[in-house]
Amino acid sequence: MLKILLLAAGVVCALPVTAAQTPAQKLLKRLIKLQKKGVMVGHQDDPVYGTTWSWDENRSDVLEAAGDYPAVMGFDLGEIELGHDKNLDKVPFDRIRKEAVAQYQRGGIVTLSWHPHNPVTGANAWDPTEQPVRKILEGGETGKNFTQWLKTVAEYIKSIKTPDGKQVPIIFRPWHEMNGGWFWWGKGSCTPEEYKKFYRLTRKTIEEDGLKGYIVWSWSPNLDGKDDTAEKFMMRYPGDDCVDMMGIDIYEFDNNDQNYSETTKAELKVLTSCAREHKKIAAFTETGCRGVGNKTTWFTDIILPILREYKGQLSYVLFWRNDYVNPDKEAYLPGKGSKAIPDFRKFKEQKDILFLNDIIKNK
Ligand code: BMA
């Protein structure tokens, strides 16, 4: 109708006659715009706990160390499928909803991951036995129950709304690190074809009751070594029509900065070239250096040059959580009293490293 009217009025219009942009499309557009300015910094579970505290309100290790919130906040839905009111790390789902809305309202971005239990054995996500993906695809009791899990996730995502009823757009990153063997959706437990069908089924089922246009779909393999290739990287890619963002998960667990740096640069090269070829956004979807709290130059000497090498091609870097139970094992950004704070501040001051206040002008 719009096209006809414009033509009748003699107006030349290059815009396609489609409905207005969806919130997910607007978020994608914003990510593309922001990527030109720099790389956004994200943090998992940022406002719910830190290395020395848990569950306080209005706190964040990043805010306390660097003076601003991260641009991106990540939360995990693991165990929502069991009907629990807290996730696998004991974060209440009501709190996650509240923080996701708050992050959106302050102009930030939200991403969700999901570590659900093995739907066949009932053990946690790290039980790769019994080929659950195949059983889900075959339908039957496992398939039926699993559809219910997806509906539970969809209902929860739908409930992430502002007080005036606006649905918060989110980046959803299910079935991550599928090229490792540790999760039940991983490479030891299903074929690439099964995995792709499974991801597609997930998107279709979650979107079908009113979430279409509100989710940016992210797909992120994990590190495959310095000699990774595009072909290997894309082996379990669900398809251009199903994925909006490609990512990669890489950690430094062994205190070997040089190895992390070389491997990460090589992997980001594969990631960014695949993303470019498929016209998708690329993000460093999970990372962190174990013990970073004691390192005084890791942020400016190690991660900064890596991110700069892919300047303009990476949307964000999401540092994984600062565990309140075992911070020596898992704390990937400096918490209270950390020796890394001055260096992290310096990292934050870089023009092309974006925290919340650097992105809110580009809403
Ligand atoms: C993993 C680890 C686990 C955690 C899970 C979900 O990578 O951090 O300790 O339970 O993510 O947050």
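The values are calculated or read from the model by the stated rules, or taken from the named source; none is laboratory data. For clarity, every value in this text was computed on a predicted model and none was experimentally measured. Don't worry about glycine lacking a Cβ; one is built from the backbone with ideal geometry, like all the others, and counts go over all protein chains shown.
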Quiz prompt | Residues (basic (Lys, Arg) and either touching a Gly at 6+ places or on another chain (Cβ under 6 Å) or closer than 30 Å to LYS166 by Cα (or both)) located in segment 192-243 | solution = ARG200, ARG203, LYS204, LYS212
Quiz item: Quick one: is TYR324 touching a Phe, Trp or Tyr at 6+ places or on another chain (Cβ under 6 Å), of a type outside the set (A, V, I, L, M, F, W, C) and over 30 Å from GLN25 (Cβ atoms)?
Solution: yes
Quiz item: Which of (1) modelled with pLDDT of 95 or more; (2) among the charged types (D, E, K, R); (3) within 18 Å of GLY108 (Cα to Cα) does LYS339 not meet, given it meets every other one?
Solution: (3)
Quiz prompt | Selection count, segment 64-92, where residues are away from the ligand (no atom under 13 Å from the Cβ), buried (at least 18 other Cβ atoms within 10 Å of the Cβ) and either in a helix (DSSP H, G or I) or modelled with pLDDT under 95 (or both) | solution = 3
Quiz item: Which ones in segment 101-114 are outside any helix (DSSP H, G or I) and crowded, with 18+ Cβ neighbours inside 10 Å?
Solution: GLY108, ILE109, VAL110, THR111, LEU112, SER113, TRP114
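Residues in segment 132-139: is at least one under 30 Å from TRP53 (Cα atoms), more than 16 Å from the ligand (Cβ to nearest atom) and of a type in the set (Gly, Ala, Ser)?
So in segment 132-139, the residues under 30 Å from TRP53 (Cα atoms) come out as none.
Among the residues of segment 132-139, not one is under 30 Å from TRP53 (Cα atoms), more than 16 Å from the ligand (Cβ to nearest atom) and of a type in the set (Gly, Ala, Ser), which makes the answer no.
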Self-check item: Count - residues of segment 146-167 that are in a helix (DSSP H, G or I), buried (at least 18 other Cβ atoms within 10 Å of the Cβ) and in contact (Cβ under 8 Å) with a residue 40 or more places away in the chain
Solution: 5
Quiz item: Would segment 285-296 turn up any residue that is surrounded by fewer than 19 Cβ atoms within 10 Å (Cβ to Cβ) and within 18 Å of the chain's Cα centre (by Cα)?
Solution: no
Practice problem: Evaluate segment 114-127: report whether one residue or more is under 24 Å from TRP53 (Cα atoms) and within 20 Å of the chain's Cα centre (by Cα). | Solution: yes
Quiz item: Quick one: ASP224 ticks every box in (1) within 16 Å of THR287 (Cβ to Cβ); (2) free of Cβ contacts under 8 Å to residues at least 12 places away in the same chain; (3) assigned to a loop (DSSP other than H, G, I, E, B) bar one, so which box is it?
Solution: (2)
Quiz item: If you check GLU193, GLU141, which single one turns out to be without any contact (Cβ under 8 Å) to a residue 40 or more places away in the chain, under 14 Å from PRO238 (Cα atoms) and part of a helix (DSSP H, G or I)?
Solution: GLU193
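Can you tell which of LYS33, LYS26, LYS98 is loosely packed, with under 14 Cβ neighbours inside 10 Å, among the basic types (Lys, Arg), part of a helix (DSSP H, G or I) and at negative phi?
So the residue among LYS33, LYS26, LYS98 that is loosely packed, with under 14 Cβ neighbours inside 10 Å, among the basic types (Lys, Arg), part of a helix (DSSP H, G or I) and at negative phi is LYS33.
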Self-check item: Close pairs (9 angstrom Cβ cut-off, 6 or more residues apart or separate chains): touching a residue at least 60 places away in the same chain (Cβ under 8 Å) and over 22 Å from PHE172 (Cα atoms) in segment 44-60, of a type in the set (Phe, Trp, Tyr) and within 15 Å of the ligand (Cβ to nearest atom) anywhere
Solution: GLY50/TYR324; THR51/TYR324; THR52/TYR324; TRP53/TYR324; SER54/TYR324
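For segment 45-63, which residues satisfy the criterion of being exposed (fewer than 15 other Cβ atoms within 10 Å of the Cβ) and closer than 20 Å to GLU330 by Cα?
Once the filter is applied, which keeps residues that are exposed (fewer than 15 other Cβ atoms within 10 Å of the Cβ) and closer than 20 Å to GLU330 by Cα, segment 45-63 yields TRP55, ASP56.
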Practice problem: Can you confirm whether segment 276-285 contains a residue that is within 26 Å of LYS232 (Cβ to Cβ), touching a strand residue (DSSP E or B) at 6+ places or on another chain (Cβ under 9 Å) and among the basic types (Lys, Arg)? | Solution: yes
Self-check item: Lone unmet requirement of (1) crowded, with 18+ Cβ neighbours inside 10 Å; (2) within 18 Å of TYR310 (Cα to Cα) for ASN179
Solution: (2)
Practice problem: Could you pull out the residue among PHE355, PHE319 that is within 16 Å of the ligand (Cβ to nearest atom) and among the aromatic types (Phe, Trp, Tyr)? | Solution: PHE319
Exercise. Scan segment 36-61 residue by residue and report those that are farther than 26 Å from ARG308 by Cα, assigned to a strand (DSSP E or B) and more than 16 Å from the ligand (Cβ to nearest atom).
Key: TRP53
